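**Q** Questions regarding the structure given below will be posed in turn.
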Amino acid sequence: MQLLISNQEYMRKIIAIALFILTVSGVNAQQIIDKVVAVVGDKAILKSEIESQKLQATQQGVKVDENTGCLIMEEMMFQSLLLHQAEIDSIEVTEEMVTAELEQRIQYFASQMPGGVDDLEKFYDKSIEEIKEEFFTQIEDRMKSQQMQEEITAEVSVSPKDVRSFFNSFPTDSIPLINSKISVAQITIEPEVTAEEKGLIKKKLTEIRDQIINQELTFAIAAEYKSEDPGSKKKQGDFGWVTRGDFVPEFDAVAFRIPIGEVSQVFESPFGYHILIINERRGEQYSGAHILLQFKVSDTQMSKSKNTLNQIVKDIEVGDITWEQAVLKYSDDDNSKGSRGVIYNQSTGSMYWDMKEIDPQLFKGIDDLKEGEISVPIYYETMNGNAYRIVKLMKRTEPHKANLSDDYQMIQNFALSKKKAEETESWVNRKLNDIYIRIDADYQQCDFTYNWIQKQ
């Protein structure tokens, strides 16, 4: 929505994201004569750092132009100022928090390489532990800066009056066109796995465990060829470092209970049956590998679920039960059950979805529906297996110019972002009176958001 976010502001957001990743050390340092191009307090910014970030921005799909270096430099100065104030205010982040963030990033970058961790080590020409050690302080500083920024805008809010004023401040011819949006509600029925079916799966996994214990089969090979977890089986069951809460409670409970290096007993989670081996634990974190055999739902149970949903539709149509009553009585989706079955867009907090964002599985069932109509049972895949649902089209909006009635939540979010940006700008410009600033002549012509030039 370009009326609400300027091109420069959008670019700053993209670059901020690019800055908040592991820096490729020395990418350009050997190609240029390095020098200090800015100083904020006691923190220096090098030309090589800016060039490295320009390269990273390019790799992330950002179009780099003559202004990109200025934007990167200002973002780095802003981060330095935040860190400076965080140190004054004694803002701290725990070692556990930093380690968890670092592990997540290491896992992400390793997953982007064909050879995983091995390729990451080759890329940096360092062991994985050396990489973690090198970037620990960088991540710690970033987290302190982020926390400082959150504190600056913690008290910022917008009233309905603020939202109206924000929206009314835009010229009529600048109000953007909003794509068609829909609001949908659902009743889901996840077929039950019978005790007999569970018993067969548990028996199969117990046999696999016995083979591992008896050294007839290695855990890694068993995971690669027998596990039904698509995310970890390609890595021989290895799920890397995780933090308590990343997985379901049943998984965490076993992970923190079993001895290091021992294969767990077969245990159940909402996803199926698991066996687990833990390699290492650090506070609330652990690393290891697992094997999953998923629950199998019989065709009979699937048909039973479909028939139940068909009957629910008939009962609603003849008035034996309302949609709201049926949601509470029958739906297996706890996330939507408390909101009349309405599926909320987690990225916006709104009940409306852009048609381009709709799950294709869902779209097939609602494409021809009119407002208030209910679909036939729709087959779909869940994290736990297969299921059926019926969907009610609550509302459909046609493409239209943004307005407060239909698009209030979206406009509110942008109004809040604008107010936070204004509060941050005010804070920065106040703090510049109390801190040493120096900017290299090559960057004196930059069109900065904040008053860096005037305060040096």
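**Q** Obtain the radius of gyration and the Kirkwood radius of the chain from its C-alpha atoms and give Rg over Rh. Could you put the intermediate results ahead of the total?
**A** Working: Rg = 27.2 Å, Rh = 26.5 Å.
Ratio of gyration radius to Kirkwood radius for the chain: 1.02.
**Q** Ok, one more. Stokes-Einstein at 37 °C, 0.692 mPa s, Kirkwood radius from Cα pairs: D for the stretch 351-456 in µm² s⁻¹? Write down the numbers at each step before the final one.
**A** On the way: Rh = 19.0 Å.
Estimated via Stokes-Einstein, D reaches 172 µm²/s.
**Q** Okay, moving on. Residue 118: net charge of surrounding residues, Cβ under 15 Å, Lys/Arg +1, Asp/Glu -1, itself excluded?
**A** On the way: positive: 122, 126, 234, 235; negative: 119, 121, 125, 129, 130, 238.
Neighbourhood net charge equals -2.
**Q** Give, to the nearest whole percent, the P(r) tail of the stretch 195-294 beyond 20 angstrom, counting all Cα pairs.
**A** Working: 1511 of 4950 pairs.
The calculated P(r) of the stretch 195-294 puts 31 percent of pairs beyond 20 Å.
**Q** So what does the Cα-only Debye profile of the stretch 157-226 read at q = 0.13, 0.16, 0.18 Å⁻¹, as log10 I(q)/I(0), no solvent term?
**A** Summing over Cα pairs of the stretch 157-226 leads to -0.66, -0.82, -0.94.
**Q** A follow-up question, please. Sequence gap of 8 or more, or different chains, plus Cα separation below 18 Å: how many lysine pairs satisfy both in the stretch 322-456?
**A** 12
**Q** If I model a spin label at residue 70 and residue 280 as a point 7 Å from the Cα along the Cα→Cβ vector, what separation in nanometres do I get?
**A** It is 4.6 nm.
**Q** How much length is gained if the chain between residue 354 and residue 202 is pulled fully straight, taking 0.36 nm per residue apart and subtracting their Cα-Cα distance, in nm to one decimal? Mind showing how you got there, number by number?
**A** On the way: separation 152, 0.36 × 152 = 54.72 nm, distance 4.25 nm.
Between residue 354 and residue 202, full extension yields 50.5 nm more.
**Q** How are the alpha carbon pair distances in the stretch 303-358 distributed across 10 Å bins from zero to the largest one, expressed in percent?
**A** 21, 40, 31, 7
All of the numbers you see were taken from the coordinates with simple rules; none came from a lab. Everything numeric in this text was worked out from a predicted model, so none of it was measured. A quick note on method: Cβ atoms are made from the backbone with ideal geometry, for glycine too, and the neighbour counts reach across all protein chains shown.
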